[in-house]
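Read the structure below first, then the notes.
What follows draws every value from the coordinates through simple rules; no lab data is involved. In this text, all values refer to a predicted model and were calculated from it rather than measured experimentally. Please note: Cβ atoms are built from the backbone with ideal geometry, for glycine as well, and neighbour counts cover all protein chains shown.
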Amino acid sequence: MGGGGARRYTSGMKSTAFLSRNRRLLVLCAVSVALHGALLELAAHRKPGPLAPAMAPAPLALRLVDVVPQAHGSAAAAQREPEPEPGRQATRSAPDSAVTPVRPPAPASRPRQAAPAAPAVAPANAAPPPAQPAPVTGARLLMQMPGRYRVSLPPSARLRYELLLQGRPAPDRPAYLDWRSDGATYTLDIDGLTGRLSSRGMGGDAGIVPQQASETQGERALRTSFDPETGEVRFEAGGTRAPASIGMQDRASVLVQLAAIGRADPEQMQDEIRIAVADAAAVGVSQYQVLGQEDVATGIGTLPAWHLAQAAAPGQARLELWLAPSQDWLPVQLRLTAADGTVSTQVLTRVDR
């Protein structure tokens, strides 16, 4: 009994000594348990809500820029925008604090790269170079060539010719040019290798100003009217119209207009003369090449004359004429080469003033 009591006393004494030595540690443990309990109590009473921004997973931001970002150490450097390189657009980078994802730019909005230099030798399958613009012709030319020649109308005269078909005389075919002018108005009648033509109108600063013209084809006379008020040419044959221009002629008056050009200034007889001409159905540009001076044997003697040849496409008739300064530059010889190669010539035999 005594021995057992002694053992219990010894054990109690040991527990008391342990608690006495570790009292501070026990107090700290108790305080820690209480704090954890309080935190758990607070979390249990808190309402559920969206995650705080700090707890939400950060979205993946992809930023494609061509400009190297500057260091954040200097505030002035951070505010300065990079200058765009030559030929490229400056790219503005989004601030680092932005949480909105940055979408990559579309391919079309990316800065263009400089085009590679063209090779010295074009590849065999390269596209042909663009064609050069075609020469201005037809109606486009008419609007660009108003009365560009100086003119002096010749005095009235009636020229008679001998008509030769393939070098043989044709006595049953009349050939003449009857020009009558008082300076204000004129009448012109022609017959011969060009057919039967007539023209009526006035004289002006640009020379002959036709108002009515006609040409006979078979038994029918086709008329053309020039309206200065509307600036149009009306063709009776097809009932069509076309714009007129200053200096425009008909098939008859163009022969005397060429004489008026040479009479005003022989220096104009160079290279090529272009005149807008309206025939019985359409408007075109007649081009006459100046081939130089030649002597022409006529019924009134050998006369120096200027040789002009009308430009004609293959398969079309080609007209040549010789203008004599001694006869007020009126034609003293004409030659027509038909599409089939047939040549007709008419040579001056008489002049009536």
For this session: Check segment 297-305 and report whether any residue there is of a type in the set (A, V, I, L, M, F, W, C), more than 27 Å from Q211 (Cα to Cα) and surrounded by 17 or more Cβ atoms within 10 Å (Cβ to Cβ).
Result: yes
Exercise. Of the residues that sit in segment 145-193 and are outside any loop (DSSP other than H, G, I, E, B) and among the aromatic types (F, W, Y), which one is farthest from the chain's Cα centre (by Cα)?
Worked result: Y161
For this session: Give the number of residues within segment 308-344 that are farther than 18 Å from V277 by Cβ and surrounded by fewer than 19 Cβ atoms within 10 Å (Cβ to Cβ).
Result: 12
For this session: Consider L258 carefully, then state whether it is part of a helix (DSSP H, G or I), within 20 Å of P154 (Cα to Cα), among the aliphatic types (A, V, I, L, M) and out of contact with any Ser or Thr (no Cβ under 9 Å at 6 or more places or on another chain).
Result: yes
Problem set entry | Residues of segment 326-353 satisfying the condition of being in contact with a helix residue (DSSP H, G or I) (Cβ under 7 Å, 6 or more places away or on another chain), under 21 Å from D265 (Cβ atoms) and not acidic (D, E) | W329, L330, P331
Exercise. How many residues are exposed (fewer than 13 other Cβ atoms within 10 Å of the Cβ) and either touching a His at 6+ places or on another chain (Cβ under 8 Å) or within 15 Å of S253 (Cα to Cα) (or both) when one looks only at segment 156-183?
Worked result: 1
